[in-house]
Amino acid sequence: MLLKIREKSQGVFSWLILLMICVPFGLWGIQNYLGEGEESPVVTIGDKEFFQRDVNRAYNQHSQSFKGMNIDEAQLKKLALEKLIRDEVLLQYVENEGLAVTDKAVRDFVATLEYFQTDGKFDKERYQNLLSQQKMTSDEFVRRIKKAMIMEQFQRTIVESGFSTDYDVEQFFKIQNQLRSARFVIVPLPTDITVVGEEEVQQYYQDNAESYRTEAKVSIEYIELALDDLAKNIHPSPAQLELFYQEQQDAFRTDERRKISHILLADMDTALVQAAEIKARLKTSGFEALAREFSADKLSASKGGDLGLIVAGDMDEAFEGVALGLAEGEVSEPVKTEFGYHIIKVTELTLGVVKPYEEVKEVVELGFKKVEAENIFYELGETLAEISFENPDNLEVAAESIGVSVRETESFTRTQGHDDISVEDLVREKAFSEDVLAGNNSEVIELGSDRIVVLRVLSHSVAKVRPLLEVSSLIKDRLKSDAAKQQALAVAKELKSLVQSGQSLAVLAKEKGLSFIVADDIQRNNADFPWEINSAIFVGAKPKSDRPTTMVVALESGEQAVVNLLSVTEGQLAKANKKEFGIARTNISKLLADGDFDAVLSSLQANALVNVSEP
């Protein structure tokens, strides 16, 4: 059901469900323990308020999709905020519309999540351990999953209704399979650029001084409190571990395995009579043979009535109540459900047992350390927040109070850190905040659920324009490059003008000593020429009569190309086989459906009460 999420799609809320279920689960932020004070919401959507930390988390989550890509941080933050708003608007809408999913649907989905699997199968013990470690109840977890699933449910109603016609697909292939013919020359950058004069350098520097401004830098000192560090210093006694094991035995209990077979008698009027006959014949006949003869459930009847292993919550309440109470080999009296009467037999039973202490000793120790470390973490976190606030001009007092050392970093900029704590976006953001630059300790910064930091600035160098002497050679290189590009562009424009007046591009190329390139019947995926030229050929307007379409195309190298587009041959549908046709239809339908869904989201957002303050 949740194929898109399992495939890590980039849909409207796929990141949201991953945020909800990602292991380790997000513990309640330290600020929840310390109190919110008078913090004002950054975004209000209906009655729901989001604070700066919520926006920061949305940004951190959203930015994972763009790791390694050169995207402006401010733009990325804006996109993350917009996504947070759109997702919340959608969630409120589907909840108001009464959309719902069943507990069984949630269970089925959770069972497929690799976080809760061992050797590819759902591990109930692992599931309970992870939730227990994060102090999250199963009910709370299910509620979170349900919210994401009803959002998907609404999305599917729109996206899965998308379709494309044969005409849409045919038009796509006509364009996709086009063949185009062109001729072109490349005008190289000249190498005999006149030496740039000092006056030009001076003028360029005055006009573009901001381009040579250094970034502001800070170095910081900081205190870090980490859950893992605390856990390493906890050394429980054997008695403590034994007691913890006793208290957490449910986490070490293997599930009872109960295999069930049944005979379904669907005719309510004759079922009890048939049931009596079957019970009598069980003395001489096997249950499997009678299931094949009598059961109205033909699927299980073909397997001798076998329903496989059952888990509490999978079956009808009345059926389950009897099935889970039978001993191995025992056959029930007729059980009435909405489907008819069932005769139930337990064919295999392995009772649930608690794993012995010695077998799980290492897991018990890890669990004990984690729980104890969390308790200490919250207590020390509260102490850190309180003392660092009461002593805003130093970190030593706070560091001594929680038993950690003060560490330092090298200088870093607002956008670029080092291989230390400054690599964290939130750290850089706080380091350059107005209050911290004024000389105060930062507030407690959460770096995930298990690390918190307080920092202060050690040194701060403001952004400034680099002196002319320092950047003179850079400016000369830039001016020479710009001059070369302008000369190449002037030659290209002259060639274009001459071609448009009726002269031959081939002749002009020979006169100027340029290579004349012939490109006949090329396709969109052609890789023989620079991509800018290939793109221009397929973007250029179709030639009219015998007059080619002439274009000047800038290359990444700074060179210029003059392109003559001679002809356009429409693509043939026959070039697409049945499989390609089907793929194209699917992709076009998805594209159209995604557009419909975006339009619906935009409409919902336009009608929602959304208030955004300055983050």
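What follows is calculated from the coordinates using simple rules that are stated; it is not laboratory data. Small disclaimer: the values here were computed from a predicted structure and weren't measured. Cβ coordinates were reconstructed from backbone atoms using ideal geometry, including for glycine residues, and neighbour counts include every protein chain displayed.
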- Note on the structure: In terms of the charge dipole of the chain, which places +1 on Lys and Arg and -1 on Asp and Glu at the beta carbon, the residue among Gln274, Phe581, Pro392 farthest towards the positive end is Phe581
- Message: Under 24 Å between alpha carbons: how many lysine pairs meet that in the range 417-549, if sequence neighbours fewer than 8 apart on the same chain are excluded?
- Response: 17
- Query: Using alpha carbons only, how many degrees (0 to 90, rounded to 10) separate the axis of helix 468-500 from the longest principal axis of the chain?
  - Reply: 80 degrees
- Among GluC sites (Glu not before Pro) in the range 149-181, those in a DSSP loop whose Cβ has at most 12 other Cβ atoms within 10 Å are Glu160
- Query: Given only helices, namely DSSP H runs of n ≥ 4 each adding -39500 (n - 2.57), what is the per-residue ellipticity at 222 nm of the chain, to the nearest 500 deg cm²/dmol?
  - Reply: -14500 deg cm²/dmol
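List the trypsin sites (Lys or Arg not before Pro) in the range 119-150 that DSSP assigns to loop (not H, G, I, E or B) and whose Cβ has at most 16 other Cβ atoms within 10 Å. Which are they?
Numbers: sites: Lys121, Lys124, Arg126, Lys135, Arg143, Arg144, Lys146, Lys147; in loops: Lys135.
Answer in residue order: Lys135.
Give the residue list of trypsin sites (Lys or Arg not before Pro) in the range 516-615 that are DSSP loop and have at most 15 other beta-carbon atoms within 10 angstrom. Please list the in-between numbers first.
Working: sites: Arg524, Lys544, Lys575, Lys578, Lys579, Arg585, Lys590; in loops: Arg524.
Passing both the DSSP loop test and the Cβ count: Arg524.
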- Task: Treat every Asp and Glu Cβ in the range 288-349 as -1 and every Lys and Arg Cβ as +1, leave all other atoms uncharged, and give the resulting dipole magnitude about the Cα centre to the nearest 20 debye.
- Result: 240 debye
- Item | Residue-wise HN-Hα coupling along the range 161-171, computed from phi with Karplus coefficients 6.51, -1.76, 1.60 (Hz; x: Gly, Pro) | 8, x, 8, 9, 8, 4, 4, 4, 5, 4, 5
- Dipole-positive endmost among Asn564, Ser285, Asn440 within the chain (Cβ charges, Cα centre): Asn564
- Return the long-range amide H neighbours of Phe412 (sequence gap of 5 or more, or a different chain), with a cut-off of under 5 Å between placed amide H atoms. Val218, Ser219
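What does the convex hull of the Cα atoms come to per residue for the range 256-350, in Å³?
Values: hull volume 7.9 nm³, N = 95.
Here the figure is 83 Å³ per residue.
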- Query: Pairing the Cα long axis of helix 361-390 with the longest principal axis of the chain, what angle in degrees results, from 0 to 90 and rounded to the nearest 10?
  - Reply: 50 degrees
- Please express the shape of the chain as an equivalent ellipsoid: the semi-axes are the square roots of 5 times the eigenvalues of the C-alpha gyration tensor, given largest first in whole angstrom. 62, 44, 20
- Going by how many other Cβ atoms sit within 10 Å of their own, how do Asp306, Asp269 line up, fewest first? Asp269, Asp306
- At what distance in angstrom do the alpha carbon centres of the range 194-246 and the range 304-363 lie from each other? 56 Å
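Using a 10 Å cut-off around each Cβ, can you sort Val427, Val568 from fewest to most neighbouring Cβ atoms?
Details: Val427 23, Val568 18.
If I rank by nearby Cβ atoms, fewest first, I get Val568, Val427.
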- Which lysines have a Cα less than 21 Å from the Cα of Lys578, not counting those fewer than 8 places away in the same chain? Lys174, Lys590
- Query: For the chain, what is the charge dipole size about the Cα centre, in debye to the nearest 20, if Lys and Arg each add +1 at the Cβ and Asp and Glu each add -1 at the Cβ?
  - Reply: 3060 debye
